[in-house]
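Asker: Dropping the structure in here first, questions after.
No value in this document is a laboratory result; all are computed from the given coordinates. This is a predicted model, so every value here is computed, not measured. Positions of Cβ are backbone-derived with ideal geometry, glycine not excepted, and every protein chain shown enters the neighbour counts.
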Amino acid sequence: MAVKIRLARIGSHKKPFYRIVAASGEKAVQKKFIEILGTYNPCSNTLQFKVDRDKFDKWISLGAKPSDTVMSLLKKQGK
């Protein structure tokens, strides 16, 4: 089972809000996930991207692969 760190949308129509989650690679984005690692709000003027670095680093050490979007958000945040 390949674990991926990706975004899961929980926002309403025209008001997106995302959770950064560790999920199985076989499941759809809206389906069950393993653990919530943070949040991302693209509708705000400033970058509202919060991630628990301890949890994120734990999943990376266990072999989870972050998506391209999550990696670009981390680079924008400067961490």
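Asker: Select one label from (i) 12.4; (ii) 14.1; (iii) 12.8: the one whose number is Kirkwood radius over Cα pairs in Å as derived from the coordinates shown.
Answerer: Step by step, Kirkwood radius over Cα pairs in Å for this structure corresponds to label (iii).
Asker: Turning to a different aspect of this structure: For the chain, how many pairs of lysine residues have a Cα-Cα distance under 17 Å, where the two are 8 or more positions apart or belong to different chains?
Answerer: Close lysine pairs under the 17 Å cut-off: 16.
Asker: Determine the calculated [θ] at 222 nm for the chain from helices alone, applying -39500 (n - 2.57) to every DSSP H run no shorter than 4 residues and normalising by the residue count; nearest 500 deg cm²/dmol.
Answerer: Result for the chain: -7000 deg cm²/dmol, rounded to the nearest 500.
Asker: Also, I was wondering about something else. Once phi is turned into θ = phi - 60°, what whole-Hz ³J(HN,Hα) does the Karplus curve with 6.51, -1.76 and 1.60 give for every residue of region 7-22, x standing for Gly and Pro?
Answerer: 8, 10, 6, 10, x, 8, 4, 6, 9, x, 8, 10, 9, 8, 10, 9
Asker: Next up: Show me, for region 48-61, the HN-Hα J-couplings you get by feeding each phi into the Karplus relation (A = 6.51, B = -1.76, C = 1.60, θ = phi - 60°), rounded to Hz, glycine and proline as x.
Answerer: Each residue of region 48-61 in turn: 9, 10, 10, 9, 7, 5, 5, 5, 4, 5, 4, 5, 5, 5 Hz.
Asker: FRET efficiency for Ser44 and Lys65, Cβ-Cβ distance as r, R0 = 30 Å, nearest 0.05?
Answerer: 0.65
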